[in-house]
Amino acid sequence: MEIDTQAVAPQTVRVMLTGGFSRRYTDGVREFEIQARTVRGVISAMDRLYPGLGEHLEEETSLAVNGVIHEVVYTQIIPADAEVFFIPRIEGG
Amino acid sequence: MLTNTKNTEQVFKSVGTSPIRPDGVPKVTGMAQYGADYSLPGMLWAKILRSPHAHARIRSINTSKAEALPGVKAVLTSADLPNQNFDYIGPERVAVNYWHMTRNILAREKALYEGHAIAAVAATTAAIAAEAIALIEVDYEVLPHVIDVDEAMHPDAPVLFEDMITRGIEPAPTKPSNITKRLEFKVGDLDAGFAAADEIVEMSFKTAAVHQGYIEPHSCLARYGADGQCELWSASQGHFVVRAYTAKILGMEIGNLVVHPAEIGGGFGGKTVVYVEPIAVALSRKTGHPVKIMMSREDVFKATGPTSGGSMTVKIGVKKDGTLVAADGVFKLQAGAFPGSPVMNAAMCAFAPYIIPNVRTVGFDVVSNRPKSAAYRAPGSPISAFGVESVLDILAQKIGMDPLRLRLKNAVKAGSPTPYGPKHSHDGYAETIQALLDHPEYNKPLGKNQGRGVASGFWFNGGGESTASIHINEDGSVVLATGSMDVGGSRASMALMAAETLGVPYASVRSTVADTASIGYNHVTGGSRVTYATGLAVVEACNKIIEQLRLRASIMWDVDVKGVVWEDGFAKPADKSVGEFEPLSLKAIAAKRAVTGGPIVTEAAVNAGGQAPGFSTQFCDVEVDPETGGVKILRFVAAQDVGRAIHPKYCEGQIHGGVVQGIGWALNEEYIYDKLGRLSNAGFLDYRIPVASDLPMIEAILVEVPNPNHPYGVKGVGEANIVPPMAAIANAIQRATGKRLTELPMSPPKVLAAIDAV
Amino acid sequence: MSEMRFEQPKTAEAAAALLAGTQGLGKVLSGGTDLMIHMRNGNVKPELVLDVKGIAEMNTIAVENGGYRFGAAVSCMQLLENKAFAETWPGVIDGANLVGSVQVRGRATVAGNLCNASPAADTVPAMIAAGAIARVVGPNGRREVPVEEIPVSPGKTSLTKGEFIVSFFLPKRAPHSGDAYLRFTPRTEMDIAVVGVGLNLTLDANGICTDARVSLGAVAERALLVPEAAAALIGTKVDEAALNKLAAAASAAARPIDDKRGTKVFRIKLAGVLARRAAEKALSRAKGN
Amino acid sequence: MSKHHISTVINGDPVEFLCATNQSLLDVLRNDLNMTGTKEGCGTGDCGACSVTLDGRLVCSCLVLGVEAQGKTIQTIEGMANGEHLHVLQQKFLEHAALQCGICTPGFLVAARSLLERNPDPTEEEVRFWLAGNLCRCTGYNKIIEAVLDAARELRGA
């Protein structure tokens, strides 16, 4: 997990939430465009839009970056024009 | 880095071989120690009193007679455990509510299922503890109970929690019910989708609660000291999670609890939670003696997690050419006595293998007077797949299409949409279907009363937190430790990946599982995550140790570290300009350990992402006895995308095991309750898991579509295989008899009734 | 903790005396595959456990008057391994070979299976069909009892306090005789009969059935001897018509309950199905000798 | 309560122990003699994890009373290997990856040895039926059956 040392200019990220999550926390709004560079940036931006949302995202979701599923890890770098989809975290047997 | 370029080449020395596992000999000689195999001087035995009632208010518990019995050292009730806040913590699907958990470990206000733990006794012998249990007087007010999920959802059903309001419905209901949660995923326009369909099938299904059926009952041994420090030997799928839950339930500081990973005798998801551990620790704290608890098989069936039974309705629309246009599914799952069925997974996985533009899944999490459900192999996915894959088979027949080709036509690949939102990022499904289409037996004709059924399954597979450490010994041998319980050969796969990365022989890597005080956090061995996530930690640790080895070599040669490369287990000069040096082996470098800086050791920790899902497609041939309804499995072929098989024999073993568990689920396994809500088949005689003579050889086909996010292409292999069998067998029975079974298990009386139905 | 005595007498009479001298519950231990489970569950708390495996006549298999006598402590595996017995009474062996698993058969006995008085006991229908006679010893000496008269209802036998079975006698076989036991279970092994049928028949030189006995297991409170079913075969060549009558008679005689192992309807139908299949198997065995 | 003094031979060694009348041989082996290689999966004779041989006869030790061991010879998993030389069955179980969690393995090995002593050349079906009293939840039995058949082949020198 390299840390994003030299801060590069934020870029546009498309953030998506599931219906259930958006009903609970964002008045049903499911799609957002925010400026970010890392997952930390995405979470902060979402938390600015909906104070408290950031913690819910950290606690309750995994995220799919262009479909690839990751745990929420601040330092993960988001590629340009990526779609970041927050989904319920999965645990198996 | 050279090691990385080497790793990207697809030629391997160790990965893909099937050597004998490091923990093999102790396990074939009886020397390996499982949960019940530990003892300590001065040890007491504990027994647990369990509720004889399915639903009862506990008016009072009188333990005085039990305490007075000679040899009894302590009696424990919920009064000895601290209160917990009512709060759902963590991910929605597995939100932990300690208010519920502590009540499952020892009942408080109410007993919510037969077998619910009420009190525990620690005594000098197991016999005295058992005698003392019988002396505990509990004053119960027996309440009406409810077992079936549909009945539990009825407005007039007895309510387990008088204040439970369904979550996920706006506006929130005012009346309490047994429905703990509603959830929904929706994409596209259902009405438009179904309007465009040429054929639509809508059908309802039921699945029974089935137990993980591990052969080892839950057991543990605890030793709590007067200084507040405690050691716990426990067989679980995750000793770090056992530590966290036990400490929280008892109000302990996590650092004061060391959990030693006993060998685990099977878990399949059922040993990712705690039952006896907090009781053993609390009794040890109370008595000052080590305390051992071993559940009986009856306890295991009555009080530990089966997976949910379900009730569902599935509706799918298809065009004549086989294009799926719309799908709708409603899934109601039994959570057991406390919230938390895998209904969200059931809803997310239901249609996940297929490109369907208009799709909705609705899920309900429902409590009833059964043991709290626990994870079981791809939790939730097999339940919804039974309905979905059955309906697909009907549609295939309606449009006259081969059922595999129908699946292939709609199979997801990288970039396809998912019903829960994000795009799929991996191929692998189509390849499993093709593997069966190419199978020589798939098109062979069958005999009288025989039928062939196919079905597929999806599972996410897992990532998450893992830690690995590596120590190079003075003789060049390697000690590898992780904190991931080895449930089926992971020590071997970890050693294989380490050997591959370091360029040393498998035999020189000692692969171990360390206790909670000896290595960083590892999440449970579950979700098919260990070979992927812990494997990543192992590879990263190896790469870090290689950096150290290059540094040590550069110190020995007195050259710049940049001038040293690592190849095939040797440090070598990068080129002539560095100088003329004989390659240095691990052993040669290790011999100079002290003078080059001391112990050669490192640890790597990850919170792994980038895991790839597992797809499994299977076909089976069955023969149905038209006079008895007996179903014989003649052939079973299971193809699964494993990414890359690190240890092929254990990958095959995972598929064999998952398929056979699915066969049991399909044909005979079920929780059977009497009128009083008591489990009437709490033993291996009447809870019928498959025996050797019931089965043919299961044919496992390892499909390898590597995961680019893992240096060796690993995906998970443990779970996807249990998803298809129930539907595959139902489809085979239908093609053998013309009768569609919609309720599990498809036991002989049900099959015969279907055959005889006019 | 109450005292539990353990004795290993050397003669049946000594065993009977020990049982008679016991105030509380006395249990005979031969295989123990049922007793051990009842004791573990606390359903049975004997004051005396009487291991009878050391009593010679209870542990031997011998030819007697052209028939066979085998001891009540003879395990199913001992019976299976006795080639001569197995060839003479293959149907009894069918039953003995279906009790539990190899491990269980290594201990379990026909007598224990009979005295546990489960209607589903796998060895009982074939023994009834064979016309086996149990030799019982008790406070009042010895008596001979037809096997079908031993079980009364689940867990209950006609034996009086202090009585136990010493051995079984199976009569001499007439030529062209054959027997069979078939059961239905969801699993192939390690299971309890949902329905069981024991059938024993004898043919004359022309292949006419001159004698038959049919017994049904798991369809009533005890294993049943069903003369009407046997009557369907006697005087016939055991042809299709006879087999149909047999099946009908067997189903008619079945009076099962719904339980966790099977439904009423299912058991009634299977009684007929299995009776027919057992008859076909017994017939081919009869023609074979 | 008063206990019985029992003299027996386990894996070739004379062993004496005290046990109560209602103690199972399994309980004695595991908890009094610390021979924990024999496992308890059910305690009711339904899983075979506690398989041992008693005077050469394959039994579930949970269904045998400790007192019945008087004067008998018992073989458990601990007596299967000869020093550091594994029994062929043990070696084949390892080579075939015939164990995953391994809890049922001792019972399977004891039962399989008992089969091969009686029938050195069993068919697959004979192996499956002989081992039907041993439950395994991990492997689906495939590799166990393969390992037993392979061991039989090697023991026959075929």
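The values are calculated or read from the model by the stated rules, or taken from the named source; none is laboratory data. Source: prediction; values computed, not measured. Cβ sites come from the backbone with ideal geometry, for glycine too, and all protein chains shown count toward neighbours.
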Flagged in region B:588-617 as in a helix (DSSP H, G or I) and either touching an Asp or Glu at 6+ places or on another chain (Cβ under 6 Å) or of a type in the set (V, I, T) (or both), in numbering order, are B:I589, B:A590
*Residue within region D:10-21 that is under 13 Å from the mean Cα position of the chain (by Cα) and under 17 Å from D:F108 (Cβ atoms) present*: no
Of the residues in region A:41-74, those that are within 14 Å of chain B (Cβ to nearest Cβ), in contact (Cβ under 8 Å) with a residue 24 or more places away in the chain and small (G, A, S) come to A:S62
Filter region B:200-221 for residues that are within 18 Å of D:T38 (Cα to Cα) and not in a strand (DSSP E or B); the one that is farthest from the other protein chains (Cβ to nearest Cβ) is B:H218
The condition from (1) more than 30 Å from B:S490 (Cα to Cα); (2) within 22 Å of the chain's Cα centre (by Cα) that B:M203 misses is numbered (2)
Note on region B:7-64: residues buried (at least 16 other Cβ atoms within 10 Å of the Cβ) and in a strand (DSSP E or B) are B:Y34, B:L44, B:W45, B:A46, B:K47, B:I48, B:L49, B:R50, B:A56, B:I58, B:I61
Filter region B:684-699 for residues that are at the interface with chain D (Cβ under 7 Å from one of its Cβ atoms) and farther than 11 Å from C:M190 by Cβ; the one that is surrounded by the most Cβ atoms within 10 Å (Cβ to Cβ) is B:I698
Here the residues within region B:107-135 that are under 24 Å from B:R370 (Cβ atoms) and among the hydrophobic types (A, V, I, L, M, F, W, C) are B:A107, B:A111, B:L112, B:A117, B:I118, B:A119, B:A120, B:I133
Counting only residues that are touching a helix residue (DSSP H, G or I) at 6+ places or on another chain (Cβ under 6 Å), farther than 17 Å from B:V388 by Cβ and not in a loop (DSSP other than H, G, I, E, B), region B:722-751 contains a total of 2
Checked region C:136-169 for anything touching a residue at least 60 places away in the same chain (Cβ under 8 Å) and closer than 18 Å to C:W89 by Cβ; matches are C:E148, C:I165, C:S167, C:F168, C:F169
- prompt: If we scan region B:482-489, do we find a residue that is assigned to a loop (DSSP other than H, G, I, E, B), acidic (D, E) and over 21 Å from B:V717 (Cα atoms)?
  reply: no
The residue from B:F331, B:F351 that alone is away from chain D (no Cβ under 14 Å), crowded, with 24+ Cβ neighbours inside 10 Å and part of a loop (DSSP other than H, G, I, E, B) is B:F351
From the option list B:K175, B:K271, single residue qualifying as among the basic types (K, R), farther than 25 Å from D:R137 by Cβ and in a loop (DSSP other than H, G, I, E, B) is B:K175
Of those in region B:102-158 that are among the β-branched types (V, I, T) and over 28 Å from the mean Cα position of the chain (by Cα), the residue surrounded by the most Cβ atoms within 10 Å (Cβ to Cβ) is B:V121
The condition of being surrounded by fewer than 24 Cβ atoms within 10 Å (Cβ to Cβ) and either of a type in the set (S, T, Y) or within 14 Å of another protein chain (Cβ to nearest Cβ) (or both) holds, among B:I672, B:I663, B:I600, only for B:I672
Looking at this structure, is B:T287 touching a residue at least 24 places away in the same chain (Cβ under 8 Å) and either under 24 Å from B:A385 (Cβ atoms) or buried (at least 24 other Cβ atoms within 10 Å of the Cβ) (or both)?
no
For A:E91, are the conditions met, namely being free of Cβ contacts under 8 Å to residues at least 60 places away in the same chain, in a helix (DSSP H, G or I) and within 11 Å of another protein chain (Cβ to nearest Cβ)? no
- Query: Is it true that B:G228 is at pLDDT 95 or above, at positive phi and touching a Lys or Arg at 6+ places or on another chain (Cβ under 8 Å)?
  - Reply: no
So, first residue at positive phi in region B:71-92, second residue part of a loop (DSSP other than H, G, I, E, B) and of a type in the set (K, R), Cβ within less than 8 Å, six or more apart or across chains; the pairs are B:G90/A:R89
Picked from region C:15-42 (must be touching a residue at least 40 places away in the same chain (Cβ under 8 Å) and more than 14 Å from every other protein chain (Cβ to nearest Cβ)), the residue farthest from the chain's Cα centre (by Cα) is C:A20
When restricted to D:L116, D:L135, D:L131, the only residue within 16 Å of B:V28 (Cβ to Cβ), within 7 Å of another protein chain (Cβ to nearest Cβ) and under 17 Å from the mean Cα position of the chain (by Cα) is D:L131
Counting only residues in region B:169-181 that are closer than 16 Å to A:R24 by Cβ and touching an Asp or Glu at 6+ places or on another chain (Cβ under 8 Å), the one surrounded by the most Cβ atoms within 10 Å (Cβ to Cβ) is identified as B:T180
How many residues of region C:43-78 are within 14 Å of chain D (Cβ to nearest Cβ) and either within 21 Å of C:A174 (Cα to Cα) or of a type outside the set (A, V, I, L, M, F, W, C) (or both)? The answer is 10
Note on region D:71-111: residues closer than 16 Å to D:M35 by Cα, buried (at least 19 other Cβ atoms within 10 Å of the Cβ) and more than 8 Å from chain B (Cβ to nearest Cβ) are D:I74, D:Q75, D:G79, D:G107, D:V110
Residue hits (region D:38-70; in contact with a helix residue (DSSP H, G or I) (Cβ under 7 Å, 6 or more places away or on another chain), away from chain B (no Cβ under 13 Å) and of a type in the set (V, I, T)) are D:T53, D:V59, D:V64
Residue within region C:270-285 that is more than 23 Å from the chain's Cα centre (by Cα) and not in a strand (DSSP E or B) present: no
